[in-house]
Amino acid sequence: MPLPLDSYLGVHPQALKLSAQRSEVLAANLANADTPNYKARDVDFKSALAASAVSTGSVRMTMTGKPNAQHIALTSNGSSADANTLYRVPLAPALDGNTVDAQVEQANFAQNAIRYQASLSFLNGKFRSLMTAITGQ
C-alpha cells in the first residue's frame, strides 16, 4: 500500500519554507537597522504555519460535536508568509523613526536558525528511515 510522501513528512516542509522566509525578513531588518523611518517586520510563524497546514491539507483540523463559542474558527489565508508579515512594535523607537532593535533581531534570527535546523534534522531522519526501508539495511 503506497504511503503519500506529504503525509509522511508532516508539517516539516512547510516549517522549513516559512523559516527561510522569516530569515529573509529578519535579515532585511538587520540590514536596515540604520535606515531612517524603516519599520521592523516579522512573520507570525504560528499563524503562517497553521494557514499553510490548512491550505495544503497536511494537517487536518476538524471540530467535534456541536459548534461552540470557544472553538477557534478555521480560516485559510493562503500559505504565503506575506499574509502573516506584521510590523513589530518597538520597545524604544528611535528619533529617526526606525523601529529596528538590533539585539532583538539577532535573538530572533538565532531562534529562527535553530527552528530551521530542527526541521532539517526531522526531515533528514524521515528520509533516512525511508532509505532504510527501501534498501533493507
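The values are calculated or read from the model by the stated rules, or taken from the named source; none is laboratory data. The shown structure was predicted, so the numbers you read here are calculated from the model rather than taken from an experiment. Glycine also receives a Cβ, built like all others from the backbone with ideal geometry; neighbour counts cover every protein chain displayed. Please note that ligands, DNA and RNA were not included when accessible areas were found on the heavy atoms of the full protein model with its side chains. Shrake-Rupley method; radii C 1.70, N 1.55, O 1.52, S 1.80 Å.
State the number of residues belonging to the stretch 122-137 that are under 16 Å from residue 8 (Cβ atoms) and out of contact with any His (no Cβ under 8 Å at 6 or more places or on another chain).
If we filter the stretch 122-137 for residues that are under 16 Å from residue 8 (Cβ atoms), which is where we start, we get 122-134.
Among the residues that remain, those that are also out of contact with any His (no Cβ under 8 Å at 6 or more places or on another chain) are: 124-125, 127-134.
Qualifying residue count, the stretch 122-137: 10.
Name every residue in the stretch 7-26 that is assigned to a helix (DSSP H, G or I), among the aliphatic types (A, V, I, L, M) and crowded, with 17+ Cβ neighbours inside 10 Å, in order of residue number. Walk me through it before giving the result.
Narrowing the stretch 7-26 to residues assigned to a helix (DSSP H, G or I): 7-9, 12-26.
This time we only want the ones that are among the aliphatic types (A, V, I, L, M), so: 9, 15-16, 18, 20, 25-26.
Matches in the stretch 7-26: 9, 15, 16, 18, 25, 26.
Within the stretch 90-118, if we keep just the residues that are among the polar types (S, T, N, Q) and touching a residue at least 60 places away in the same chain (Cβ under 8 Å), the residue that is farthest from residue 44 (Cα to Cα) turns out to be 98.
How about the stretch 92-130: which of its residues are open to solvent by less than 70 Å² (accessible area, probe 1.4 Å), polar (S, T, N, Q) and either farther than 19 Å from residue 20 by Cβ or not in a helix (DSSP H, G or I) (or both)? Lay out the reasoning, then the answer.
Residues of the stretch 92-130 that are open to solvent by less than 70 Å² (accessible area, probe 1.4 Å), as a first pass: 94, 96-102, 104-105, 107-108, 110, 112-113, 118-120, 123, 125-126, 129-130.
This time we only want the ones that are polar (S, T, N, Q), so: 98-99, 108, 112, 119, 129.
Answer for the stretch 92-130, where residues must be open to solvent by less than 70 Å² (accessible area, probe 1.4 Å), polar (S, T, N, Q) and either farther than 19 Å from residue 20 by Cβ or not in a helix (DSSP H, G or I) (or both): 98, 99, 129.
Being modelled with pLDDT under 85 and surrounded by fewer than 12 Cβ atoms within 10 Å (Cβ to Cβ) holds for only one residue in 54, 89, and it is 89.
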